[in-house]
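The values are calculated or read from the model by the stated rules, or taken from the named source; none is laboratory data. Nothing here was measured: the structure is a model prediction, and the numbers come from that model. A quick note on method: Cβ atoms are made from the backbone with ideal geometry, for glycine too, and the neighbour counts reach across all protein chains shown.
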Amino acid sequence: MNFCSDNAAGASPAIMESLLKANEDLAMPYGNDPLTLSVHKHICDIFECDAEVFLVATGTAANALSLSVMTPPWGGIFCHKDAHIEVDECGAPEFFSGGAKLIHLDDKQGKITASGLQAGWDGIEKTVHQVQPSGLSITQATEAGTVYKLDEISDICNTARELGLHVHMDGARFANGLTSLGCSPADMTWKAGVEVLSFGASKNGCLAAEAVVFFNRDLADGFTFRRKRAGHLLSKMRFISAQFHAYLNNELWLDNARHANAMATRLWDGLRSITGVEFLNPVEANEMFVTLPARVVDGLEADGFQFYRWGDPQGTLIRLVTAFNTKSEDVDSFIKSAKSHS
(Lines give C-alpha, C1' and ligand atoms only; values in the text may rest on other atoms or scores of the structure.)
Protein backbone atom coordinates (compact mmCIF):
# COMPACT_ATOMS: atom_id res chain seq x y z
CA MET A 1 0.00 0.00 0.00
CA ASN A 2 1.60 3.16 -1.29
CA PHE A 3 1.60 6.47 0.55
CA CYS A 4 4.69 7.84 -1.24
CA SER A 5 2.96 10.28 -3.55
CA ASP A 6 -0.29 11.10 -5.30
CA ASN A 7 1.74 10.56 -8.48
CA ALA A 8 1.64 6.85 -7.63
CA ALA A 9 -2.12 6.83 -8.27
CA GLY A 10 -3.54 6.02 -11.68
CA ALA A 11 -6.33 7.89 -13.43
CA SER A 12 -10.00 8.29 -12.61
CA PRO A 13 -12.24 5.97 -14.66
CA ALA A 14 -14.05 8.98 -16.11
CA ILE A 15 -10.72 10.29 -17.42
CA MET A 16 -10.00 7.01 -19.18
CA GLU A 17 -13.50 6.94 -20.67
CA SER A 18 -13.06 10.47 -21.98
CA LEU A 19 -9.77 9.51 -23.64
CA LEU A 20 -11.41 6.54 -25.35
CA LYS A 21 -14.22 8.73 -26.62
CA ALA A 22 -11.74 11.32 -27.96
CA ASN A 23 -10.04 8.49 -29.84
CA GLU A 24 -13.15 7.57 -31.82
CA ASP A 25 -13.10 10.35 -34.42
CA LEU A 26 -10.66 12.45 -36.42
CA ALA A 27 -9.86 15.93 -35.15
CA MET A 28 -7.76 18.87 -36.21
CA PRO A 29 -4.28 18.89 -34.61
CA TYR A 30 -2.41 21.34 -32.37
CA GLY A 31 -5.41 22.32 -30.31
CA ASN A 32 -7.61 23.39 -33.22
CA ASP A 33 -10.31 20.92 -32.21
CA PRO A 34 -13.71 21.59 -30.59
CA LEU A 35 -12.81 19.71 -27.41
CA THR A 36 -9.77 21.91 -26.70
CA LEU A 37 -11.74 25.08 -27.36
CA SER A 38 -14.50 23.93 -25.01
CA VAL A 39 -11.98 23.16 -22.26
CA HIS A 40 -10.51 26.65 -22.59
CA LYS A 41 -13.98 28.11 -22.14
CA HIS A 42 -14.77 25.80 -19.23
CA ILE A 43 -11.61 26.88 -17.39
CA CYS A 44 -12.49 30.53 -17.93
CA ASP A 45 -15.99 29.88 -16.61
CA ILE A 46 -14.63 28.15 -13.51
CA PHE A 47 -12.35 31.09 -12.77
CA GLU A 48 -15.05 33.65 -13.64
CA CYS A 49 -12.82 35.62 -15.99
CA ASP A 50 -11.60 35.92 -19.55
CA ALA A 51 -8.20 34.27 -19.10
CA GLU A 52 -5.67 33.00 -21.61
CA VAL A 53 -5.37 29.21 -21.30
CA PHE A 54 -2.61 26.94 -22.59
CA LEU A 55 -2.56 23.17 -22.07
CA VAL A 56 0.70 21.29 -21.48
CA ALA A 57 1.60 17.75 -20.46
CA THR A 58 3.65 18.26 -17.28
CA GLY A 59 3.79 20.43 -14.21
CA THR A 60 7.45 21.20 -14.84
CA ALA A 61 6.56 22.65 -18.24
CA ALA A 62 3.69 24.65 -16.76
CA ASN A 63 5.89 26.13 -14.05
CA ALA A 64 9.03 26.77 -16.08
CA LEU A 65 7.19 28.33 -19.02
CA SER A 66 5.02 30.44 -16.71
CA LEU A 67 8.08 31.85 -14.98
CA SER A 68 9.87 32.46 -18.27
CA VAL A 69 7.43 35.26 -19.15
CA MET A 70 7.80 36.95 -15.76
CA THR A 71 11.52 37.60 -15.70
CA PRO A 72 14.44 38.65 -17.88
CA PRO A 73 17.53 36.41 -17.89
CA TRP A 74 19.17 38.69 -15.30
CA GLY A 75 16.10 38.61 -13.08
CA GLY A 76 15.19 36.68 -9.97
CA ILE A 77 12.11 34.76 -8.83
CA PHE A 78 11.40 34.62 -5.12
CA CYS A 79 10.23 31.22 -3.90
CA HIS A 80 10.24 28.87 -0.93
CA LYS A 81 13.46 26.92 -0.41
CA ASP A 82 11.55 23.63 -0.81
CA ALA A 83 9.45 24.77 -3.77
CA HIS A 84 9.08 22.26 -6.58
CA ILE A 85 10.66 24.74 -8.97
CA GLU A 86 13.77 24.73 -6.76
CA VAL A 87 14.26 21.09 -5.80
CA ASP A 88 12.39 18.97 -8.36
CA GLU A 89 12.64 20.53 -11.82
CA CYS A 90 16.29 20.04 -12.76
CA GLY A 91 16.95 23.69 -13.53
CA ALA A 92 14.02 24.01 -15.97
CA PRO A 93 12.93 27.44 -14.66
CA GLU A 94 16.46 28.75 -15.02
CA PHE A 95 16.81 27.19 -18.48
CA PHE A 96 13.56 28.46 -19.98
CA SER A 97 14.00 31.92 -18.47
CA GLY A 98 17.46 32.16 -19.99
CA GLY A 99 19.26 32.10 -16.66
CA ALA A 100 17.06 33.84 -14.08
CA LYS A 101 17.89 32.99 -10.48
CA LEU A 102 15.57 31.46 -7.87
CA ILE A 103 15.82 33.37 -4.59
CA HIS A 104 14.79 31.64 -1.35
CA LEU A 105 12.60 33.33 1.26
CA ASP A 106 12.07 32.57 4.93
CA ASP A 107 8.87 30.70 5.69
CA LYS A 108 6.38 29.81 8.37
CA GLN A 109 4.96 26.26 8.21
CA GLY A 110 5.92 25.97 4.57
CA LYS A 111 4.39 29.30 3.58
CA ILE A 112 6.12 32.47 2.44
CA THR A 113 4.91 35.60 4.22
CA ALA A 114 4.48 39.17 3.06
CA SER A 115 7.03 40.34 5.62
CA GLY A 116 9.43 37.64 4.45
CA LEU A 117 9.03 38.83 0.87
CA GLN A 118 9.74 42.40 1.91
CA ALA A 119 12.83 41.29 3.81
CA GLY A 120 14.04 39.33 0.79
CA TRP A 121 13.58 42.36 -1.43
CA ASP A 122 15.37 44.65 1.03
CA GLY A 123 18.30 42.24 1.17
CA ILE A 124 19.15 42.58 -2.51
CA GLU A 125 21.19 45.50 -3.76
CA LYS A 126 19.61 47.21 -6.74
CA THR A 127 22.86 47.36 -8.68
CA VAL A 128 24.19 45.85 -11.87
CA HIS A 129 26.17 43.37 -9.78
CA GLN A 130 23.14 41.40 -8.53
CA VAL A 131 20.14 39.77 -10.17
CA GLN A 132 17.08 41.97 -9.94
CA PRO A 133 13.89 40.44 -8.51
CA SER A 134 11.07 40.35 -11.01
CA GLY A 135 8.63 37.74 -9.75
CA LEU A 136 7.31 35.57 -6.96
CA SER A 137 6.11 31.96 -7.03
CA ILE A 138 3.95 30.47 -4.29
CA THR A 139 2.64 26.91 -4.07
CA GLN A 140 -0.97 26.01 -3.20
CA ALA A 141 -1.25 23.58 -1.44
CA THR A 142 2.34 23.94 -0.24
CA GLU A 143 5.12 21.39 -0.36
CA ALA A 144 4.73 21.14 3.42
CA GLY A 145 1.09 20.07 3.15
CA THR A 146 -0.19 23.40 4.45
CA VAL A 147 -2.58 25.77 2.71
CA TYR A 148 -2.34 29.53 2.22
CA LYS A 149 -5.42 31.27 3.60
CA LEU A 150 -7.04 33.88 1.35
CA ASP A 151 -5.79 36.80 3.41
CA GLU A 152 -2.26 35.38 3.30
CA ILE A 153 -2.38 35.21 -0.50
CA SER A 154 -3.77 38.73 -0.71
CA ASP A 155 -1.16 40.13 1.67
CA ILE A 156 1.76 38.61 -0.20
CA CYS A 157 0.33 39.59 -3.60
CA ASN A 158 -0.23 43.16 -2.41
CA THR A 159 3.37 43.35 -1.24
CA ALA A 160 4.57 41.87 -4.54
CA ARG A 161 2.56 44.43 -6.49
CA GLU A 162 4.02 47.29 -4.43
CA LEU A 163 7.49 45.97 -5.25
CA GLY A 164 6.71 45.60 -8.96
CA LEU A 165 6.83 41.79 -8.90
CA HIS A 166 4.66 39.46 -10.96
CA VAL A 167 2.99 36.59 -9.06
CA HIS A 168 2.81 32.94 -10.13
CA MET A 169 1.00 30.16 -8.30
CA ASP A 170 2.17 26.56 -8.61
CA GLY A 171 -1.13 24.73 -8.34
CA ALA A 172 0.03 21.14 -8.71
CA ARG A 173 -2.35 20.41 -5.81
CA PHE A 174 -4.63 23.36 -6.54
CA ALA A 175 -7.83 21.39 -6.00
CA ASN A 176 -6.63 20.11 -2.63
CA GLY A 177 -5.95 23.64 -1.46
CA LEU A 178 -9.23 24.91 -2.86
CA THR A 179 -11.42 22.30 -1.21
CA SER A 180 -9.53 22.74 2.05
CA LEU A 181 -10.50 26.42 2.09
CA GLY A 182 -13.98 25.93 0.61
CA CYS A 183 -13.69 29.08 -1.50
CA SER A 184 -14.04 29.79 -5.22
CA PRO A 185 -11.18 29.37 -7.71
CA ALA A 186 -11.41 33.10 -8.47
CA ASP A 187 -11.07 34.02 -4.79
CA MET A 188 -7.92 31.94 -4.46
CA THR A 189 -6.25 33.34 -7.58
CA TRP A 190 -6.83 36.53 -9.55
CA LYS A 191 -9.10 38.19 -7.01
CA ALA A 192 -6.26 37.82 -4.50
CA GLY A 193 -3.64 39.11 -6.94
CA VAL A 194 -2.28 35.98 -8.66
CA GLU A 195 -1.40 36.70 -12.29
CA VAL A 196 -0.42 33.28 -13.64
CA LEU A 197 -1.50 29.83 -12.44
CA SER A 198 -0.07 26.40 -13.14
CA PHE A 199 -3.39 24.55 -12.86
CA GLY A 200 -2.51 20.98 -12.01
CA ALA A 201 -4.57 17.89 -12.75
CA SER A 202 -2.05 15.03 -13.02
CA LYS A 203 -1.80 14.52 -9.24
CA ASN A 204 -5.58 14.49 -8.86
CA GLY A 205 -6.90 11.88 -11.27
CA CYS A 206 -5.53 12.72 -14.73
CA LEU A 207 -2.78 10.90 -16.60
CA ALA A 208 -0.79 13.89 -17.87
CA ALA A 209 -2.67 17.16 -18.01
CA GLU A 210 -1.77 20.64 -16.80
CA ALA A 211 -2.90 24.11 -17.79
CA VAL A 212 -1.21 27.50 -17.69
CA VAL A 213 -3.86 30.11 -16.93
CA PHE A 214 -3.00 33.76 -17.51
CA PHE A 215 -5.22 36.11 -15.52
CA ASN A 216 -2.88 38.90 -16.58
CA ARG A 217 -3.38 38.46 -20.31
CA ASP A 218 -0.50 40.82 -21.14
CA LEU A 219 1.94 38.23 -19.79
CA ALA A 220 0.63 35.68 -22.29
CA ASP A 221 2.08 37.59 -25.23
CA GLY A 222 4.39 35.22 -27.08
CA PHE A 223 3.53 32.23 -24.90
CA THR A 224 2.30 30.28 -27.91
CA PHE A 225 5.86 30.32 -29.24
CA ARG A 226 7.40 29.46 -25.87
CA ARG A 227 5.12 26.44 -25.56
CA LYS A 228 5.91 25.28 -29.10
CA ARG A 229 9.66 25.79 -28.62
CA ALA A 230 9.53 23.76 -25.40
CA GLY A 231 7.85 20.82 -27.15
CA HIS A 232 4.49 21.15 -25.40
CA LEU A 233 2.27 22.09 -28.30
CA LEU A 234 1.05 18.54 -28.77
CA SER A 235 -0.12 17.59 -32.25
CA LYS A 236 -2.88 15.49 -30.67
CA MET A 237 -3.77 18.09 -28.06
CA ARG A 238 -7.29 16.70 -27.84
CA PHE A 239 -6.00 13.91 -25.60
CA ILE A 240 -4.91 16.41 -22.95
CA SER A 241 -8.19 18.25 -23.48
CA ALA A 242 -10.15 15.03 -23.08
CA GLN A 243 -8.63 14.60 -19.64
CA PHE A 244 -9.55 18.13 -18.58
CA HIS A 245 -13.02 17.71 -20.06
CA ALA A 246 -13.79 14.80 -17.74
CA TYR A 247 -11.77 16.30 -14.87
CA LEU A 248 -13.85 19.48 -14.77
CA ASN A 249 -17.17 17.88 -15.63
CA ASN A 250 -19.58 17.20 -12.76
CA GLU A 251 -16.96 18.55 -10.31
CA LEU A 252 -14.83 15.41 -10.54
CA TRP A 253 -11.73 17.47 -9.74
CA LEU A 254 -13.28 18.76 -6.52
CA ASP A 255 -14.66 15.37 -5.47
CA ASN A 256 -11.26 13.77 -6.03
CA ALA A 257 -9.52 16.41 -3.94
CA ARG A 258 -12.09 16.23 -1.14
CA HIS A 259 -11.57 12.48 -0.92
CA ALA A 260 -7.78 12.78 -0.85
CA ASN A 261 -7.97 15.45 1.85
CA ALA A 262 -10.44 13.39 3.87
CA MET A 263 -8.13 10.37 3.76
CA ALA A 264 -5.25 12.52 5.03
CA THR A 265 -7.41 13.78 7.88
CA ARG A 266 -8.39 10.19 8.69
CA LEU A 267 -4.72 9.21 8.71
CA TRP A 268 -3.75 12.14 10.94
CA ASP A 269 -6.59 11.40 13.35
CA GLY A 270 -5.51 7.78 13.70
CA LEU A 271 -1.79 8.45 14.15
CA ARG A 272 -1.91 11.37 16.57
CA SER A 273 -2.66 9.18 19.58
CA ILE A 274 0.58 7.18 19.20
CA THR A 275 3.12 7.95 21.89
CA GLY A 276 6.08 9.86 20.46
CA VAL A 277 4.33 11.01 17.30
CA GLU A 278 5.08 14.55 16.14
CA PHE A 279 3.59 16.28 13.11
CA LEU A 280 5.87 18.80 11.46
CA ASN A 281 3.00 21.03 10.29
CA PRO A 282 -0.78 21.15 10.49
CA VAL A 283 -2.46 18.66 8.14
CA GLU A 284 -4.52 20.86 5.82
CA ALA A 285 -4.58 19.05 2.47
CA ASN A 286 -3.46 15.58 1.37
CA GLU A 287 0.20 15.58 2.42
CA MET A 288 1.79 15.34 5.84
CA PHE A 289 5.19 15.04 7.48
CA VAL A 290 5.29 13.08 10.71
CA THR A 291 7.98 11.78 13.01
CA LEU A 292 7.29 8.34 14.49
CA PRO A 293 9.36 6.13 16.78
CA ALA A 294 12.00 4.17 14.85
CA ARG A 295 10.38 0.83 15.71
CA VAL A 296 7.08 2.06 14.24
CA VAL A 297 8.67 3.23 10.98
CA ASP A 298 10.60 -0.01 10.63
CA GLY A 299 7.50 -2.04 11.42
CA LEU A 300 5.40 -0.23 8.85
CA GLU A 301 7.96 -0.92 6.16
CA ALA A 302 8.17 -4.57 7.22
CA ASP A 303 4.39 -4.78 6.88
CA GLY A 304 4.64 -3.65 3.26
CA PHE A 305 3.69 0.02 3.48
CA GLN A 306 5.52 2.39 1.17
CA PHE A 307 6.40 5.99 2.01
CA TYR A 308 9.40 8.29 1.91
CA ARG A 309 11.77 8.75 4.84
CA TRP A 310 12.26 12.48 4.49
CA GLY A 311 15.70 14.06 4.49
CA ASP A 312 17.51 11.06 6.00
CA PRO A 313 17.04 7.58 4.47
CA GLN A 314 17.56 6.12 7.94
CA GLY A 315 15.55 8.80 9.77
CA THR A 316 12.12 8.68 11.35
CA LEU A 317 10.58 11.75 9.70
CA ILE A 318 8.34 10.38 6.96
CA ARG A 319 6.12 11.90 4.29
CA LEU A 320 2.65 10.47 3.74
CA VAL A 321 0.49 11.46 0.78
CA THR A 322 -3.06 10.37 0.06
CA ALA A 323 -4.75 10.43 -3.35
CA PHE A 324 -8.14 10.54 -5.02
CA ASN A 325 -8.33 6.75 -4.93
CA THR A 326 -6.82 6.04 -1.51
CA LYS A 327 -9.01 3.48 0.21
CA SER A 328 -10.23 4.06 3.74
CA GLU A 329 -9.41 0.45 4.60
CA ASP A 330 -5.79 1.03 3.54
CA VAL A 331 -5.60 4.07 5.79
CA ASP A 332 -7.07 2.05 8.64
CA SER A 333 -4.59 -0.76 8.01
CA PHE A 334 -1.70 1.73 8.14
CA ILE A 335 -2.95 3.10 11.46
CA LYS A 336 -3.45 -0.39 12.87
CA SER A 337 0.06 -1.40 11.85
CA ALA A 338 1.59 1.75 13.33
CA LYS A 339 -0.18 1.21 16.62
CA SER A 340 0.81 -2.43 16.76
CA HIS A 341 4.49 -1.45 16.59
CA SER A 342 4.27 1.45 19.03
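Below is a table of values for the structure above.
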quantity	calculated
Within the range 32-45, considering residues that are surrounded by fewer than 20 Cβ atoms within 10 Å (Cβ to Cβ) and of a type in the set (S, T, N, Q), the one farthest from the chain's Cα centre (by Cα)	32
Residue identified as touching a strand residue (DSSP E or B) at 6+ places or on another chain (Cβ under 6 Å) and among the polar types (S, T, N, Q) among 154, 180, 134	134
Those residues of the range 60-83 which are without any contact (Cβ under 8 Å) to a residue 60 or more places away in the chain and either part of a loop (DSSP other than H, G, I, E, B) or within 13 Å of the chain's Cα centre (by Cα) (or both), in sequence order	60, 73, 74, 81
Failed item in (1) surrounded by fewer than 18 Cβ atoms within 10 Å (Cβ to Cβ); (2) assigned by TED's automatic domain parsing to the domain that holds residue 144; (3) not in a loop (DSSP other than H, G, I, E, B), with residue 7 passing the rest	(2)
Options 223, 279, 215; residue that is of a type outside the set (D, E, K, R), buried (at least 22 other Cβ atoms within 10 Å of the Cβ) and within 24 Å of the chain's Cα centre (by Cα)	215
Failed item, numbered, when residue 152 is tested on (1) over 21 Å from residue 288 (Cα atoms); (2) in a helix (DSSP H, G or I)	(1)
Positions within the range 169-180 being over 18 Å from residue 48 (Cα atoms), of a type outside the set (Ser, Thr, Tyr) and out of contact with any Gly (no Cβ under 8 Å at 6 or more places or on another chain), in sequence order	176
Helices (runs of 4 or more DSSP H) contained entirely in the range 183-281, each with at least 1 residues that are within 30 Å of residue 305 (Cβ to Cβ) and outside the structural domain of residue 148 (by TED's automatic domain parsing)	252-271
When residues of the range 304-318 are limited to those that are free of Cβ contacts under 8 Å to residues at least 60 places away in the same chain and not hydrophobic (A, V, I, L, M, F, W, C), the one nearest to residue 5 (Cα to Cα)	309
Residues (among the β-branched types (Val, Ile, Thr) and over 13 Å from residue 166 (Cβ atoms)) located in the range 59-79	60
Contacts under 9 angstrom Cβ, first residue in the range 115-144 being farther than 23 Å from residue 284 by Cα, partner assigned to a strand (DSSP E or B) and among the charged types (D, E, K, R), 6 or more apart	131/101
Test: residue in the range 24-31 that is under 23 Å from the mean Cα position of the chain (by Cα) and modelled with pLDDT of 95 or more	no
Hey, residue 175 closer than 24 Å to residue 99 by Cα, part of a helix (DSSP H, G or I) and either aliphatic (A, V, I, L, M) or not assigned by TED's automatic domain parsing to the domain that holds residue 60 (or both) or not	no
Identity of the residue in the range 282-330, part of a loop (DSSP other than H, G, I, E, B) and acidic (Asp, Glu), that ends up nearest to the chain's Cα centre (by Cα)	284
Selection within the range 84-114 - out of contact with any helix residue (DSSP H, G or I) (no Cβ under 8 Å at 6 or more places or on another chain) and in a helix (DSSP H, G or I)	86, 87, 94
Neighbours by Cβ (under 6 Å, 6+ apart or cross-chain): first from the range 1-27, closer than 19 Å to residue 260 by Cα and among the acidic types (Asp, Glu); second modelled with pLDDT of 95 or more and in a helix (DSSP H, G or I)	6/203
From 94, 52, 86, 48, residue being among the charged types (D, E, K, R), in contact (Cβ under 8 Å) with a residue 24 or more places away in the chain and surrounded by 16 or more Cβ atoms within 10 Å (Cβ to Cβ)	52
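Results for (1) out of contact with any strand residue (DSSP E or B) (no Cβ under 8 Å at 6 or more places or on another chain); (2) among the polar types (S, T, N, Q), shown as yes or no for each residue.
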| position | (1), (2) |
| --- | --- |
| 217 | no, no |
| 233 | yes, no |
| 249 | yes, yes |
| 265 | yes, yes |
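Rundown of residues vs (1) closer than 24 Å to residue 224 by Cβ; (2) of a type in the set (Ser, Thr, Tyr), yes/no style:
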residue	(1), (2)
8	no, no
28	yes, no
32	yes, no
35	yes, no
41	yes, no
52	yes, no
60	yes, yes
67	yes, no
72	yes, no
